[in-house]
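The values are calculated or read from the model by the stated rules, or taken from the named source; none is laboratory data. Note that this is a predicted model, so its numbers are computed, not measured. When we count neighbours, we look across all protein chains shown, and the Cβ atoms used for this are built from the backbone with ideal geometry, even at glycine. Heavy atoms of the whole protein, side chains included, go into the accessibility calculation; ligands, DNA and RNA do not. Shrake-Rupley method; radii C 1.70, N 1.55, O 1.52, S 1.80 Å.
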Amino acid sequence: MLQNIKVNIDVLEAMLYFWQATSERENVAEMFFYDVASMDALKLAYDDEFNDESVRKVLSAIKNRELLSAGTKKEKRFWNNNMWMMEDLEYTKLMITPLKQLNLDYLVDILNKKVPEEKYETLEVMFSPLHLDEYFIKENKLVINFFRVKPSDFDDNTFIGDKELKSYIEEKLVELLTK
């Protein structure tokens, strides 16, 4: 039976520092890139086209104000998305703020009713700066591409695509539980 749902934005906190420091032309140590690349929310996304070296290479290129000339499609999208974050840090903060305040405890009862034979006691919802995928599921983890988060222009709602954030998460967690 499901007991709790954790929200993990650790990699976003690290990247917020990187985006801010890099936009202000501060030096970011190369070791930082390795630390970020080893965070779970990114490691879960690694495959043949995108890995820890991809993260290091892209972040280093951004820090050094270089174009990413030779890279996979996923690396180029990761580069492009990170550059976009640094263009308007106020918008980036609007994207992160609702995630920092996100509490999914209310979903435990809802999910236990929808999927009574639950195999996990804990689910983890991670937000990660990814490349092409909107989300993916690995075991008890739902990893959502942070770059797809859209704050509303009119109210306090937050969306992924055309779905409100909490509804989106609930839908994807049901998918995780029924896989």
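Might you tell me the accessible area per residue for the chain, computed with a 1.4 Å probe and given in Å²?
Accessible surface, normalised per residue, equals 52 Å².
Ordered by residue, what ³J(HN,Hα) values in Hz, to whole numbers, does the range 146-151 give under the Karplus form 6.51 cos²θ - 1.76 cosθ + 1.60, where θ = phi - 60° and Gly and Pro are x?
4, 5, 8, 6, 10, x
How large, in percent, is the carbon and sulfur part of the accessible surface of the chain at a probe radius of 1.4 Å?
Roughly 46 percent, rounded to a whole number.
Viscosity 1.306 mPa s, temperature 10 °C: give me the Stokes-Einstein translational D for the range 86-131 in µm²/s, with Rh taken as the Kirkwood radius over C-alpha pairs.
Stokes-Einstein gives a translational diffusion coefficient of 119 µm²/s.
Between the alpha-carbon centers of the range 98-133 and the range 1-65, tell me the distance in whole angstrom.
22 Å
What is the calculated FRET efficiency for V115 to D153, with r their C-beta to C-beta distance and R₀ = 25 Å, to the nearest 0.05?
The value I calculate is 0.10.
Classify the chain from the C-alpha gyration tensor, please: rounded if a/c falls under 1.5, else prolate or oblate depending on whether a/b exceeds b/c.
It is prolate, given that a/c is not under 1.5 and a/b is the larger ratio.
List the longest stretch of the chain that has no exposed loop site; here a site is one of the GluC sites (Glu not before Pro) assigned by DSSP to anything other than H, G, I, E or B, with at most 14 other Cβ within 10 Å.
67-116
Hey, what number do you get for the chain at 222 nm if only DSSP H runs of n ≥ 4 count, each worth -39500 (n - 2.57), divided across all residues, to the nearest 500?
The helix contribution divided over the chain gives -14500 deg cm²/dmol.
Binning at 10 angstrom from zero up to the longest distance, how are the C-alpha pair distances of the range 131-177 distributed in percent?
Reading the bins upward from 0: 26, 53, 19, 2.
Any of K6/K114; K74/K119; K6/K76; K114/K138; K100/K179; K6/K73 with alpha carbons more than 26 Å apart? Name them for me.
K74/K119; K6/K76; K100/K179; K6/K73
Given the options V28, V36, V58, state which has the largest fluctuation in a GNM of the chain using a 10 Å cut-off (strictly under) for Cα springs.
For the chain, modelled as a Gaussian network with Cα springs under 10 Å, the answer is V28.
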